1. Among DSSP beta bridges whose residues both lie in region 238-370, state the antiparallel percentage, nearest 5.
2. Taking Cα centroids, how far is region 37-85 from region 565-581 in Å?
3. Nearest 5 is fine: what % of DSSP beta bridges in the chain come out antiparallel, could you say?
4. Using label points projected 7 Å from each Cα along Cα→Cβ, tell me how many nm separate Asp182 and Met590, to one decimal.
5. Could you tell me, in Å, what Rg and Dmax come out for the Cα atoms of region 238-370?
6. Give me the distance in nm between label points sitting 7 Å out from Cα along the Cα-to-Cβ direction at Leu160 and Lys348, one decimal.
7. Considering only DSSP beta bridges where both residues belong to region 402-485, give the percentage that are antiparallel (nearest 5).
8. Which whole-number percentage describes the relative contact order of the chain, with Cα contacts under 8 Å and a sequence gap of 6 or more?
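Values quoted throughout were computed directly from the atomic coordinates according to the rules given, and no laboratory measurement underlies them. Every value quoted in this text rests on a predicted model; they were computed, and no experiment measured them. Methodologically, a virtual Cβ is constructed for each residue, glycine included, from the backbone with ideal geometry; neighbour enumeration extends over all protein chains shown.
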Amino acid sequence: MNESGSLSIHSENIFPIIKKWLYSDHDIFVRELISNACDAITKLKKLDVMSEYTLPENTTFKVDVVLNEKDKTIKIIDNGIGMTAEEIKKYINQIAFSGAEDFLDKYKDKANQEQIIGHFGLGFYSAFMVAETVTIDTLSYEDGAAPALWECDGGTEFSLTEGSRTQRGTTITLHIGDDGKDFLNAYTLRTTIEKYCSFMPYDIFFIEEGKEEAKKEDASEEKEEQEEIKPLNDTNPLWLKHPNDCSEEDYKAFYKKVFMDFKEPLFWIHLNMDYPFNLKGILYFPKINNEFESMEGQIKLFNNQVFVADNIKEVIPEFLLLLKGVIDCPDLPLNVSRSFLQNDGFVKKISDYITKKVADKLTGLYKTENDNFKKFWGDIHPFVKFGSLKDNKFYDKVKDIIIYKSIYGEYVSLKDYMEKNKEKNKDKVFYVSDEQQQSQYIDLFKQYEMDAIVLDHSIDQAFMSHMEAQEQDVKFQRIDSDLSDHLKEASSEEDLKPATETLEKLFKDVLNNDTLKVKVESLKTEDLSSIMLLSEESRRMQEMSKMYGLGDLGANMPSDETLVLNNKNQLVQYLLTNNEDETKVDDIKMICEQLYDLALLSHKPLPPESMTKFIKRSNQLLSKLAL
Ligand SMILES: Nc1ncnc2c1ncn2[C@@H]1O[C@H](COP(=O)(O)OP(=O)(O)OP(=O)(O)O)[C@@H](O)[C@H]1O
């Protein structure tokens, strides 16, 4: 058989699908109907601009959302273009025939496409997700137009009669059913309007009908002078203004209002792009108080001032979601439900543009406001590092501005650090992961004018591996992983071998630990008796197993710790001289245990049982002094 033809759709089957399944959230009807109302106003204004219509003087455009809890109705009232009965038949009765597209088509040479939101010709029907019956009461702007009244109870039948409206515009009345009863709550409805419509282009007023009357009745004389109702939205959002017209205060106030963050942002980027796509927005770098505070940002995506959704990963690269901001892109290829995007090459271009702008801002700040850049670094470095891990292009752009705090409190670039310490460190980059715990090693480094950088954020482990993979000749090594030759005296290993053998045997016996590794070294300082070294490789292995929740496996892995005893230290010398003296067995035991614990302590916290023993032993040693 060889046949072709067009598919037929039965409206009674498809209608329930549109009503129930087209939109992911019930509250979408608020966005759809209010944006239709705004479109109706925009169209009328455009007709005026095109001299197809003359607006009466002193026209103020607005949208009223009127809730009547008692009558179970929500009305959306605009004073826009209105509709004739013919237009209702065309735009409303024909599902998926968009009047917005039709309007743009009709005036395509005169009107630019911007600002009109509607696109698919489906939004209106979202009303049936919450309403049992919907009426449209409308009067067109056209001279001599007759008012029209349309009513539909959600089936496929409608009635269209002459209406009674005398003012130009449209009133959509929703008779709310069970599915939408939540929206009869004033707070819910108001917050939903605020969620989607906070920046729509015409004033939106929220009115509670029954409540207004009740209030008026028991209002006192003074209160009689009605407080002026304020619109819920800001019709001219900051991101649409030219950056030159925005003050620092404007940016900060906008940030506080939109993100309800009482801390001031560190700095921001005003995105303002007209070509090859239209994109406006403001991205803020938030202040982070501590590492444990949520690093989650919030990027609100708008399409022509209509809120689409938060944190859409297709447009905003993942690492930028740590920032807070708004992005308005009228050119977004949204699908019908608007909360999803058609993931095409265009979206990738938008995302690349945003990434580039952020990198440019950071490098610009580094060059022109270096002091501020350093001041902000504590807050922004996790973001920069996360971005470097996630996006190679971003890394390439920012790699030269990544700085590191040294143990002397100065900020250095990796290049400068390596150059400065080339002689002492070769290609090694010594780092500290916990300034407090590793303070003994830091002191040692400082004593011999060595330098290390502080990498103490949870992202730093992954970042170091990334740097080692990206940059040849960079090898990170924790400050307690090995002894630099610069800390040791130039004595040969052979000379110290007998001491090492003696003390290794002694410590193994006393501590009852057969696997313990001991090494005697001749350090330049006499003050330090013992330190513990753990090779970089095995520490990373341990950390990795911890990270992937393989704690026990990590514990069972052979530890690569080495107890280093300083040949120059008095206590170590005492052990070497007296380890065979039977009369001093108890003292020797105590010294060994204490030196081991001290070395361990500057390396990691002691387990509870060892800590108790350590404190008890410390007290015993002190009492010896007092005797
Ligand atoms: N308040 C209104 N005033 C005037 N015309 C309206 C109003 N609401 C809807 N219309 C007309 O009905 C048409 C269909 O509306 P609907 O919301 O279904 O689709 P749309 O706005 O064109 O596209 P989208 O599905 O993207 O919202 C509109 O294009 C418009 O012509």
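1. DSSP beta bridges in region 238-370 are roughly 75 percent antiparallel.
2. For region 37-85 versus region 565-581, the Cα centre distance is 93 Å.
3. DSSP beta bridges in the chain are roughly 70 percent antiparallel.
4. 7.1
5. Spelled out, the Cα radius of gyration and Dmax of region 238-370 are 14.6, 46 Å.
6. About 4.6 nm separates the two model spin labels.
7. DSSP beta bridges in region 402-485 are roughly 45 percent antiparallel.
8. Relative contact order for the chain comes out at 8 percent.
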